[in-house]
Amino acid sequence: MVTNTEPATASIQDTLRVAVQVVLPTLAGGVIKRRPLGLAAAQKLQVDRPAVRLLGRLRARYGPGPLRLRVPGRSVDLALSAEDVAEVLAAAPVPFSPSTKEKRAALGHFQPHGVLISDATDRPPRRRFNEEVLEPGRPLHDLAAPFATVIAKEAASLWDKGTLDWDTFNLAWWRIVRQVTLGESAAGDDELTDMLARLRKDANWAYAHPRREELHERFRKRLIEHLERVEPGSLAEVIASATEERKPEVVADQVAHWLFAFDAAGIVTFRALALLATHPAARERADEELGDADLAQPNQFAYLRACALESVRLWPTTPALLRESTADTAWGPAGTTILIFTPFFHRDPESMPYADRFEPEIWLDGSAAANPALVPFSAGPAICPGRDLVLFCASTMLAHLIRDRRFELVSGAVLGPERPLPATLDNFHLKFELVSG
């Protein structure tokens, strides 16, 4: 049952433990732009494992209700139950707004008009714009056919050298993202996404880093120029006929967020490839699903989608979901920040026997749907509007990478069904090699 009682208050020692074992490692890895060195260190130390254990101990000590952390000058609550996660995420944007102080400070570096950090007046039309263009709730976007063609073209040569590492995959992935979003003319515009990467690195520091206004203006101008070409077969074509939002700078900020989110989708896809390379039973089922499918045409690969979702469950690309109360609630006074640490709920051994296993079937048999704390794309009214498009791109890319090929994971973490999967996985140092025969 959802708690309506006043939050318990953590001791100073437990608040410090949360700061050291949960908050600092999350920030060190890069919340807005992943830091390769930080993620490599996080994998070596397996930082998410002690964080998950700590929250389990706190739940046992203080109960499953909200836990008030002793943060000077702030009201900060930690969610510890799946029911409370569901309650908070379902009540957006009032009284639990996704536009928190921290998010406004971070995302404001490159998308100050983004829907996630918009106020109560601007948020509804911007949300409708995102949904109009991205078509959530539909497994296949209206432009799935040209998107499938782009993915097929860019994936065609990835295995030419007999190996596949992150840098090679990432270059192709970004070419796909730019074409899907902006059109074929943007395929080679690495400078656009390099500018975004620099802005996102600054965003990791939120209010601790000054904003590069000139760089942001150049990025936005370049993005608008791509959008104004209205290339057929891209999201830019849909944007041109959208009815909700017409201001170029506001539209550009929504697109900047899509580019940001697609970066995480690439990480998810590459990790899912590592799981398929190391779990023979899952690979066999994926092969059965592919069958004689025409990969140049859009397909609904339910099992490969489930593999991508399971990759996010095991290693959430958004480890901290934040909400800020807009009014007094049982959680505290208006302005209370609520922290949902997703690795805890995605790897909680007390609520899921498969916590440390690769189990794509849970996304097909109803198990995941029955757990309100499994939130690969958040949940509630602020759920990611691009979730179905992301899953389409990820599953189609996986289909091209595994079709008629045998490969093994030769570098990075040791994965497999015979041992618990690592709590933290560094995608930057994964490498695959084709197996002959």
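Below, the figures for the structure above:
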{"item": "Solvent-accessible area of S367 with every protein chain in place, 1.4 Å probe, in Å² to the nearest 10", "result": "50 Å²"}
{"item": "Cα centre as origin, Lys/Arg/Asp/Glu Cβ charges: the chain dipole, Debye", "result": "1460 debye"}
{"item": "DSSP-defined antiparallel bridges as percent of all bridges, the range 8-431, nearest 5", "result": "70 percent"}
{"item": "Cα gyration tensor, the range 204-340 - rounded (a/c under 1.5), prolate or oblate", "result": "oblate"}
{"item": "Neighbourhood net charge (12 Å Cβ-Cβ; Lys/Arg +1, Asp/Glu -1) for P316", "result": "+1"}
{"item": "Net charge, E418 excluded, C-beta distance under 14 Å - Lys, Arg +1, Asp, Glu -1", "result": "+1"}
{"item": "Mean-position separation - Cα centroids, the range 232-284 and the range 335-413, in angstrom", "result": "15 Å"}
{"item": "Along the chain, longest interval not containing exposed trypsin sites (Lys or Arg not before Pro), exposed being DSSP loop plus at most 14 other Cβ atoms within 10 Å", "result": "247-402"}
{"item": "Residue order for L322, L37 - accessible surface, 1.4 angstrom probe, largest first", "result": "L37, L322"}
{"item": "Long-range amide H partners of T9 with built H, under 5 Å", "result": "R68"}
{"item": "The chain - mean residue ellipticity at 222 nm from DSSP helices (-39,500 (n - 2.57) per run, n ≥ 4, rounded to 500)", "result": "-15000 deg cm²/dmol"}
{"item": "Residues with amide H under 5 Å from that of A320, placed H, sequence gap 5 or more", "result": "T342"}
{"item": "Efficiency of FRET from Cβ geometry, L171 and E131, R₀ 45 Å, rounded to 0.05", "result": "0.90"}
{"item": "Solvent-accessible surface (1.4 angstrom probe) belonging to V23, in square angstrom, nearest 10", "result": "60 Å²"}
{"item": "Local electrostatic count at H226 - Lys and Arg +1, Asp and Glu -1, tallied over other residues with Cβ under 15 Å", "result": "-4"}
{"item": "H429 - accessible surface, heavy atoms, 1.4 Å probe, Å² rounded to 10", "result": "100 Å²"}
{"item": "Candidate lysines for bridging to K153, where Cα separation is under 20 Å - those fewer than 8 sequence places away on the same chain excluded", "result": "K161"}
{"item": "Residue among P319, P349, P139 with the largest mean-square fluctuation in a Gaussian network model of the chain, springs linking Cα atoms under 10 Å", "result": "P349"}
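The values are calculated or read from the model by the stated rules, or taken from the named source; none is laboratory data. In this text the structure is predicted, and so the values were computed from the model without any measurement. Ideal geometry is used to build each Cβ from the backbone, glycine not excepted, and the neighbour counts take in all protein chains shown. Just the protein is used for accessible areas: all its heavy atoms, side chains included, with ligands, DNA and RNA removed. Shrake-Rupley method; radii C 1.70, N 1.55, O 1.52, S 1.80 Å.
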